[in-house]
Amino acid sequence: MFVELNELLDASPQRPERGKFTLLRDSRTDGSFLVHHFLSFYLRAGCKVCFVALLQSFSHYSIVAQKLGVSLTAAKEQGQLVFLEGLKSCLDLFFGKKEEEEEEQPGQPHPLQFVSESTPNLKALFDFVLTSLTPAGGDSWQGPVLLVDDLSVLLSLGATPVAVMDFMHYCRATICCQMKGNVVVLVHSNLEAEDEEKELVVTSLCHHSDLILWVEGLLTGFCKDVHGQIKIIRRVSLELPGQEDQVKIYQYKIQDRNVTFFAPGLSAAVL
């Protein structure tokens, strides 16, 4: 996890918030560093994590997590982390192979079976998430957490925007409201491209999020000392109707094992 980001969010693994829906959004850049942050943050916090990884392999996330001081392999072996390797699972479904390293839930359909259905819905994926995060006897985890990277991949795999929004609605209602856990979702968006389905999903998620971290590339293009801008939006209006949301903007630079943040125009390279 990145200490400076925790300070900006007033967050600590010793006192993780409960019942929050966090949207990670990026445009003109890659916001995956936020996924790695929240994955390591919640594992350090002792939470039970279901990670629906639709974009990269387990080894990719494991290598980055190791740099941040967290072992995903150990977390899986201890039952703290349930990992769904989405794209590999889809290939296995298409070619009829059995996923060797997949988290198995006997008696349940494959969580991504919608890719081979004529009228796709995400009920099997929701059941997988719910079963993964439902406390078992003897569990002592701090709370359930669903992490999704990247939600827009579901659209590319054939799910409709309505199905994706229904899936997220039930996840938010069940995990955040009933189980008092947390949901963190990354969605890649391209403001320059005309992708109505993706923008419909992004807009819907923005309305229901407690916290939005929106990462954008610089309008001026690539810069070796400033990699992008992050907008932190706290949805105060969700709890206090009529109040304006709190918005703070920072620029950032990604390093090998850390990310530094600073006010716009105050990069050390500029000063």
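Since every read-out is calculated from the coordinates, none of them should be taken as a lab result. This is a predicted model, so every value here is computed, not measured. Cβ sites come from the backbone with ideal geometry, for glycine too, and all protein chains shown count toward neighbours.
For the reader, a short list of remarks on this structure follows.
- Only alpha carbons enter this Debye calculation for the chain, each as an equal point scatterer, and the log10 of I(q)/I(0) it gives at q = 0.10, 0.14 Å⁻¹ is -0.51, -1.03.
- As a rough footprinting exposure proxy, the listed residues CYS47, CYS171, CYS206 were ranked by other beta carbons within 10 Å of their own, and the order from fewest upward is CYS206, CYS47, CYS171.
- Three-way shape label, the range 106-221, alpha-carbon gyration tensor, a/c 1.5: oblate
- Between helix 86-95 and the chain there is an angle of about 40 degrees, using the helix long axis and the longest principal axis of the Cα atoms.
- Residue ranges 79-86, 180-187 sort as 180-187, 79-86 when ordered by packing (mean number of other C-beta atoms within 10 Å per residue, highest first).
- Folded to 0 to 90 degrees: helix 196-208 orientation relative to the chain principal axis, Cα: 80 degrees
- Shape call, the range 53-95: gyration tensor on alpha carbons, a/c limit 1.5: oblate
- With Cα atoms, 0 to 90° folded angle of helix 58-67 axis to the chain main axis: 40 degrees
- The charge dipole of the chain, taken about the Cα centre with unit charges on the Cβ atoms of Lys, Arg (+1) and Asp, Glu (-1), comes to about 740 debye, rounded to the nearest 20.
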